[in-house]
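The values are calculated or read from the model by the stated rules, or taken from the named source; none is laboratory data. Note that this is a predicted model, so its numbers are computed, not measured. Positions of Cβ are backbone-derived with ideal geometry, glycine not excepted, and every protein chain shown enters the neighbour counts. The area values use the complete protein model at the heavy-atom level, side chains included, leaving out ligands, DNA and RNA. Shrake-Rupley method; radii C 1.70, N 1.55, O 1.52, S 1.80 Å.
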Amino acid sequence: MRSLSVTELPWVDPWTALQAWKAAPWVAFLDSGGTPAATPGDERARWSFLCVEPTETLVSFQDRVVRNSRSVAGDAWSHLQDMHARLQSAENTGLPFSGGLVGLTSYATGMALEGVVSRHQTETPDILAASYDTVFAFDRLERRCFRAGKSALSLPSGEGVLTQSGSIRVNFQPDMDREQWISAVRKVVRLIGEGDIFQANLTLRWQADAPSDFDDLAVYGLLRKGSPAPFGAFLRGCAGLDADRPFSLLSASVERFLSLSPEGVVETRPIKGTAPLGQDATETRRLAEQLRQDEKENAENLMITDLMRNDIGRVCDIGSVSVPQLCEVEPFAHVQHLVSCVRGRLRSGLNAFDLLRATLPPGSVTGAPKKRAMEIIDQVERSARGAYCGSVFRIGRDGAMDSSVVIRSVERCDDRLRIGVGGGITWLSDPAREYDEMRLKGAALLRVFGE
């Protein structure tokens, strides 16, 4: 096997590099847009990765698996592991990611893993992934750029940066109005009071027809500029066997789902609890302290943290799971959140695929107990979640993984656009306040489309 090579290239802004593959049918851009809380050395705000010209592709939808544009027998997870094995390498390149698998698992994938059958129809792929032999890695803190892999792909020259401004007009319609949302919250609260569940994450979708001239990369540029996020992602592929069924995901996610180090250390960082930023630093600190002391928001975060402890405990060494951070306030581009951290050590003989299958869908977008919360969610929500509340992941040649929860996102599947927004509902939830919080989260997304 020919060894990997790492070549340092002249610095190119990641956005300029992505523009060079504007028309590529498959592309993955894992984009650390940064966060106001970022400090030097914060890995969540440091690296961006551009993956182009995949060696293999995979699309899974219900019982059908399409690998390299051909229908194949077997389940999607087995094919993903085989694709990864073909690129697997223990070589240390010194980069966080130097090639491997990049993909998306939809919310429906997690439903299937938990044995929950949805009443909603969806056209979103269950799994969409590609294996990349060559990756461009951008160190945003040191302004250094590297090519890792076995090809001699080059980057465009230039110092151009993101300049998108304005908005792109699209007429989005919500699947619930204010009164319907409040009614759904009341139903969830009633079920909590009856002892059915402790918490559920209630969401809604805005949907629209994609304009004939819809430019997914231009829209992503607006989203990225307006909502810089540590786990941004731009994924483009095909929704099935036919290349004329376009699919793209534009994500400005602030939430890590799971990371796995080459040594087997697992980390998840659930986010629950939201407050606005203030008009100045003094007001922001006051709002942060209110959030820190808010009984409902803390209860929401604590329950999901406990759920994630249980989920990763399925595949981690007994006694290795800990909570080094609980309900700490972290600021982001438009809001501030309560963030916790759960860590563990993956059991010997297991890998990133086992970890994903044990934990999907992310606990922060389901509820507790997880399966029953998902069943109730499916009853009260008006449409399929699609890619929203799924996960974007990268699994490197060395078996290390990082992944995000798909939130603050725009999905394009065929000629439909979807945006999802939601929030956690507990016994202490005030329905009107939950509606206002949900709208706050969605405002940055809707502004991209002039709303």
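Here are a few things to note about the model shown:
- Shape category assigned to region 209-354 from the gyration tensor of Cα positions, a/c cut at 1.5: oblate
- Excluding ligands, DNA and RNA, the accessible surface per residue across the chain is 39 Å² with a 1.4 Å probe.
- Computed with every protein chain present, the accessible area of residue 79 is close to 30 Å² [probe 1.4 Å].
- Paramagnetic label reach from residue 120 (point 7 Å along Cα→Cβ; backbone nitrogen cut-off under 14 Å): within region 198-238, residues 201-208.
- Long-range amide H partners of residue 144 with built H, under 5 Å: 139
- Over region 268-338, the fraction of Cα-Cα pairs per 5 Å bin, rounded to whole percents and listed from the shortest bin up, is 4, 16, 25, 18, 14, 10, 7, 4, 2, 0.
- Of interest is the spacing of the C-alpha centroids, which for region 343-421 and region 279-308 amounts to 23 Å.
- The alpha carbon radius of gyration of region 192-247, expressed as a multiple of 2.2 N^0.38 Å, is 1.73.
- Sequence ranges 182-193, 321-332, 338-349, ranked by mean other-Cβ count within 10 angstrom, highest first: 338-349, 182-193, 321-332
- Peptides 225-232, 202-209 ordered by packing proxy, namely the average of other Cβ atoms within 10 Å per residue, highest first: 225-232, 202-209.
- Full-stretch length increase - residue 88, residue 152 - with 0.36 nm per residue and alpha-carbon distance subtracted: 21.1 nm
- Zone of residue 348's modelled label, taken as backbone nitrogen in region 307-325 under 14 Å from a point 7 Å along Cα→Cβ: 317-318
- Förster-model FRET efficiency, 35 Å R0, residue 416 and residue 19, C-beta, rounded to 0.05: 0.85
- Shown for the chain: the carbon plus sulfur share of the solvent-accessible area, taken with all protein chains present and a 1.4 angstrom probe, equals 48%.
- Per-selection Kirkwood Rh - region 271-406 (Cα, Å, 1 d.p.): 16.5 Å
- Dipole orientation for the chain: of the candidates 223, 310, 273, 310 has the Cα lying most toward the positive pole (charges on Cβ; Lys, Arg +1; Asp, Glu -1).
- For region 245-284, applying the loop criterion from DSSP together with a ceiling of 15 other beta carbons within 10 Å to the GluC sites (Glu not before Pro) yields 263.
- Descending semi-axes in Å of the chain, equivalent ellipsoid built from Cα gyration tensor: 32, 24, 23
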